[in-house]
Amino acid sequence: MDTHNHAKIQYNNMILYLKLLILLWLINFAPPFMALIFEKKWSTPIDLGHNYSDGRPFFGSHKTIRGFLAGVAAGAFMGAAMGFAWWIGPAAGVLGMSGDLLSSFVKRRLAFPSGDVVPGLDQFPEGFLPFLVLTPQFALSARATLACIIVFGVGAYLGSIFLNRVLLEKPFDSYPRKLRPVTRFRELVSCQISSRPLRFILNFEDAFYYHIFMKTVFRLLGIFGKGRRNALVVETREVSFRFPDLPRSFDGYRILFLTDLHLDGLEGLTEKLIEIVRRIPVDLCILGGDFRMETSGPFANALSHLSALLPEIRARDGIVAVLGNHDCIEIVEKLEEIGIHFLVNQSLALERGEERLWLAGVDDAHYFKCHNPEQAFRDVPKDAFSIFISHSNEIYDQVGQYGPRLYLCGHCHDGQIKIPPFGALFTHSRAPRSLCSGRWSYRGMPGYTSAGVGVSGVPVRFNTKGEVTVITLERE
């Protein structure tokens with residue numbers, strides 16, 4: 001009985017220690033988490049930009065009123081959730097954030113730049129001060145208190161290393177995106193974790209919904225095979241747009257528009273697409289993003305299919321591409337090596353004699369949210385004839401002010417699965433449904449949303465077809 005009671009006491013103590021550590025780690029994590037979400041919003045420095053007598057800041061720009069309040073709020077919420085007395089969580093938050101300020105004050109006096117991680121100095125005050133309340137409140141021994149402070153410090157240090165050396169550091173020198181922790185985290189989850197179990201856990205929603213639930217439903221209904229056969233039906237659609245101000249030398253200009261290829265997701269699709277494109281000579285080919293099937297893991301298989309397809313494309317002005325929500329940023333360098341010109345919030349001028357047609361392309365606007373139309377149009381002269389390229393139609397209302405004559409996009413797959421008379425089950429787009437398939441117009445700006453070549457999520461189509469689009473520009 002004594003042994004049983006002793007084991008129970010030990011177990012309860014371990015649960016208490018774990019709760020306290022989680023409480024303190026969440027208090028520690030709250031300020032950078034708020035910075036992840038809000039970036040520069042409400043980021044007033046807690047020292048209001050004032051300097052100490054040595055001419056250096058009191059705390060530095062990284063210590064904000066928002067961060068301090070977030071730490072206290074996290075403490076209050078988690079303390080209540082863990083069943084502690086109402087005042088324990090807020091007190092731990094105030095003391096933890098005060099310890100954080102103390103370490104920053106000392107670091108500024110020692111001339112460490114704001115944001116630098118100093119092992120021990122960064123973690124000890126923030127871990128120690130809350131135990132001025134927690135130790136007497138929970139009757140912790142000196143040994144238990146010291147152990148908790150050490151474990152907290154190690155965890156907080158590893159967290160700061162992850163933040164500063166993974167989420168706040170460029171993955172490679174030519175990284176073209178604005179460095180944002182939320183973007184880097186999405187890239188990490190989607191592209192840089194190769195372990196299959198970990199990928200499944202971190203992308204559980206997609207993995208479960210598409211690979212387990214939806215496939216099971218279609219198989220139980222006995223229509224999975226039919227859906228796969230439907231997905232291999234790819235039409236060539238000829239579309240023309242007429243413009244009064246199209247430069248004369250571009251009258252009759254033909255563009256092969258291929259988007260949502262997902263070639264590695266459906267056996268036989270690459271070969272079918274090669275048969276189609278090798279018979280279509282054009283002036284330019286535009287790839288609208290989403291080169292791989294999966295939303296996570298390696299892209300080597302997709303790259304292999306693309307390497308087989310690209311030499312078969314007959315476009316005298318070459319191939320231009322943008323990124324989609326399935327695409328890893330690392331694929332840009334690989335595809336540029338084999339001749340694709342990527343527009344990652346950039347523009348490109350096509351020339352015919354002295355006349356120009358401009359292309360402006362943005363980064364993914366759906367998942368990575370790295371689109372920047374202002375940057376993409378920065379070098380495009382005002383009133384110049386331009387075509388805007390985005391993987392998604394979701395920024396239709398942001399782009400009109402830059403005056404593109406045409407908006408090209410994909411992403412929606414024409415719904416991929418349609419049920420008459422209701423239409424598409426999902427468009428996976430925040431844009432109105434009227435902008436999710438074929439021709440459309442928004443405030444005088446014409447657009448075209450391709451049904452895409454391949455399929456996403458589940459390799460099936462019902463009441464939709466894949467699409468290879470040939471767009472002809474005509475002068476009125």
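A few notes on this one:
- Filter result (in a loop (DSSP other than H, G, I, E, B), out of contact with any Gly (no Cβ under 7 Å at 6 or more places or on another chain) and surrounded by 15 or more Cβ atoms within 10 Å (Cβ to Cβ)) within the stretch 119-156: L121, D122, F138, L140
- Condition met for S160 (in contact (Cβ under 8 Å) with a residue 60 or more places away in the chain and out of contact with any strand residue (DSSP E or B) (no Cβ under 6 Å at 6 or more places or on another chain)): no
- Evaluating E374 against the criteria (1) acidic (D, E); (2) modelled with pLDDT under 95; (3) under 21 Å from the mean Cα position of the chain (by Cα) leaves one unmet condition, (2).
- Note on the stretch 343-358: among residues that are in a strand (DSSP E or B) and touching a residue at least 40 places away in the same chain (Cβ under 8 Å), the one that is most open to solvent (accessible area, probe 1.4 Å) is R356.
- Scanning the stretch 424-450 for residues that are among the aromatic types (F, W, Y) and modelled with pLDDT of 95 or more turns up W440, Y442, Y448.
- Within the stretch 37-56, the presence of at least one residue that is farther than 21 Å from L129 by Cα, among the aliphatic types (A, V, I, L, M), in contact with a helix residue (DSSP H, G or I) (Cβ under 9 Å, 6 or more places away or on another chain) and part of a helix (DSSP H, G or I) is confirmed.
- Restricting the search to helices (runs of 4 or more DSSP H) fully inside the stretch 213-288 and requiring at least 1 residues that are in contact with a Lys or Arg (Cβ under 8 Å, 6 or more places away or on another chain) and buried (at least 17 other Cβ atoms within 10 Å of the Cβ) gives 224-231, 269-277.
- Residue pairs whose Cβ atoms lie under 7 Å apart, sitting 6 or more positions apart in sequence or on different chains, and linking a residue in the stretch 33-55 that is without any contact (Cβ under 8 Å) to a residue 24 or more places away in the chain to a partner that is open to solvent by 60 Å² or more (accessible area, probe 1.4 Å) and not in a loop (DSSP other than H, G, I, E, B), are T44/I65.
The values are calculated or read from the model by the stated rules, or taken from the named source; none is laboratory data. Predicted model, so just to flag it, every value in this text is computed and none were measured. Reconstructed Cβ throughout: ideal geometry from the backbone, glycine too, with neighbour counts over all protein chains shown. SASA here: full protein model, heavy atoms, side chains in, ligands and nucleic acids out. Shrake-Rupley method; radii C 1.70, N 1.55, O 1.52, S 1.80 Å.
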